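Visitor: Would you mind keeping the following structure in view while I ask a few things?
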Amino acid sequence: MIQNTAVQLTQDELNSFITILTERTGIIPRASHRDGIKSYIEKKIAEMKLSVQGYKEQLLLNKELFAGLVNGSTVNETYFFREEKQFALLHDKIFPQWRLKSPDTEIRMWSAACSYGEEAYSLALLAKTCGIKPYVTASDINSEVLEHCRRGLFLGTSLRPVDGTAFQDLIVPFKRSDGKVEFSKEIKSCINTMQLNLSEIDSPQCAALLPRNQNIIFLRNVFIYFSQELRARILHTLADKCLAEDGLLFVSMSEIAQTDSTIIPPSLEKNVDGSVFYFHKKTGGKADG
Ligand SMILES: C[S@@+](CC[C@H](N)C(=O)[O-])C[C@H]1O[C@@H](n2cnc3c(N)ncnc32)[C@H](O)[C@@H]1O
């Protein structure tokens, strides 16, 4: 045991913690996030009155402690109707087509790294506006953001003045006088939260949890933290096991450019509508397992 004095991790010590984080979550932190992770660990070690080695040993054994490190390491930036062109495509074309083809069927959508949940609520609100019943799965590795998503209460800063504005009218009925956004029970009941580590998506223990037969998957602004190898594993699992026939996968517009085309599964074809790219699971592609 050491005294509760300020702890200063060396670069090697920090690297060894980041290696553990990457091995277990796939997250490769950007240089700008390393300082935050360092501060989190130093504070935790001081709080627990442990040595660096003692904390590392506990981290490997104690799931709750590791979850704390994950919660303290993820980047959770998000807001309503982020990248609104993708939502405009859903609103103008995809949802009306769905309504025509399957008027009484609920649409299954998955926000696969949902953060606080703005993306999941945006999908649910938009589908309802188009006369479609939504069933949205919102998953993330971070247990704290999922709790926030379940509560359905958001700060006014989740509405941004530069993006998402085309659909902000849909939020107005839920705005409180203090500027916060609080969704009704009815809207919250469309969202089902689930903790899921995308780096384990193809593991046997995840198989039972995986959302299947999804009509739309949003997997946005998370590939930036993963290796090409992990991106490939995730895309193959989504294509083979999670997307319904004719299902659509949206990644962030900036990520699509950074994704090596050789890792795209053959059952997914890249479609473009104006400036919006997305993947479509071809009919006759591998059936849901
Ligand atoms: C920048 S947010 C993206 C939120 C939303 N999709 C958007 O585009 O606005 C990235 C999210 O990915 C989650 N994440 C990081 N690694 C993950 C993993 N291995 N499995 C599941 N979620 C992960 C983080 O917790 C964080 O909430």
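The values are calculated or read from the model by the stated rules, or taken from the named source; none is laboratory data. Predicted, not measured: the structure shown is a model, and the values here were computed from it. Positions of Cβ are generated from backbone atoms using ideal geometry, with glycine treated the same way; all protein chains shown enter the neighbour counts.
Visitor: Out of Leu60, Leu89, which single residue is more than 10 Å from the ligand (Cβ to nearest atom), touching an Asp or Glu at 6+ places or on another chain (Cβ under 6 Å) and part of a helix (DSSP H, G or I)?
Guide: The conditions single out Leu89.
Visitor: Mind checking whether some residue in the range 177-186 is modelled with pLDDT of 95 or more, of a type in the set (S, T, N, Q), outside any helix (DSSP H, G or I) and away from the ligand (no atom under 15 Å from the Cβ)? Spell out the reasoning first.
Guide: Of all residues in the range 177-186, those modelled with pLDDT of 95 or more come to 177-186.
Okay, now just the ones that are also of a type in the set (S, T, N, Q), so 177, 184.
Then drop every residue that is not outside any helix (DSSP H, G or I), which leaves 177, 184.
Of the ones still in play, those that are also away from the ligand (no atom under 15 Å from the Cβ) are 177, 184.
So far as the range 177-186 goes, yes, one or more of its residues are modelled with pLDDT of 95 or more, of a type in the set (S, T, N, Q), outside any helix (DSSP H, G or I) and away from the ligand (no atom under 15 Å from the Cβ).
Visitor: Filter the range 110-133 for residues that are of a type in the set (D, E, K, R) and not in a loop (DSSP other than H, G, I, E, B); which is farthest from the ligand (Cβ to nearest atom)?
Guide: Out of the qualifying residues, it is Lys128.
Conditions tested, residue by residue: (1) surrounded by 16 or more Cβ atoms within 10 Å (Cβ to Cβ); (2) within 27 Å of Leu235 (Cα to Cα); (3) in contact (Cβ under 8 Å) with a residue 24 or more places away in the chain; (4) within 12 Å of the ligand (Cβ to nearest atom).
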site	(1), (2), (3), (4)
Lys93	no, yes, yes, no
Gln97	no, yes, no, no
Arg108	yes, yes, yes, no
Tyr135	yes, yes, yes, no
Val145	yes, yes, yes, yes
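Visitor: In addition: Could you list, ordered by first residue, the pairs with Cβ atoms under 9 Å in which the first is in the range 222-233 and under 18 Å from Leu196 (Cα atoms) and part of a helix (DSSP H, G or I) and the second is polar (S, T, N, Q) and within 8 Å of the ligand (Cβ to nearest atom), at least 6 apart or interchain?
Guide: From the range 222-233, the pairs are Phe223/Ser252; Ile224/Ser252; Tyr225/Thr25; Tyr225/Thr74; Leu230/Ser199; Arg233/Ser199.
Visitor: Just give me the residues in the range 63-86 being within 16 Å of the ligand (Cβ to nearest atom) and either in a helix (DSSP H, G or I) or modelled with pLDDT under 95 (or both), in sequence order.
Guide: Listed by number, the residues that qualify are Lys63, Phe66, Ala67, Gly68, Leu69, Val70, Asn71, Gly72, Ser73, Glu84, Lys85, Gln86.
Visitor: Also: If I go through the range 214-223 residue by residue, how many of them are within 16 Å of Val75 (Cα to Cα) and more than 8 Å from the ligand (Cβ to nearest atom)?
Guide: Step one: list which residues in the range 214-223 are within 16 Å of Val75 (Cα to Cα), which gives 219-223.
The next check asks that each one be more than 8 Å from the ligand (Cβ to nearest atom); those that pass are 223.
Number satisfying all stated conditions: 1.
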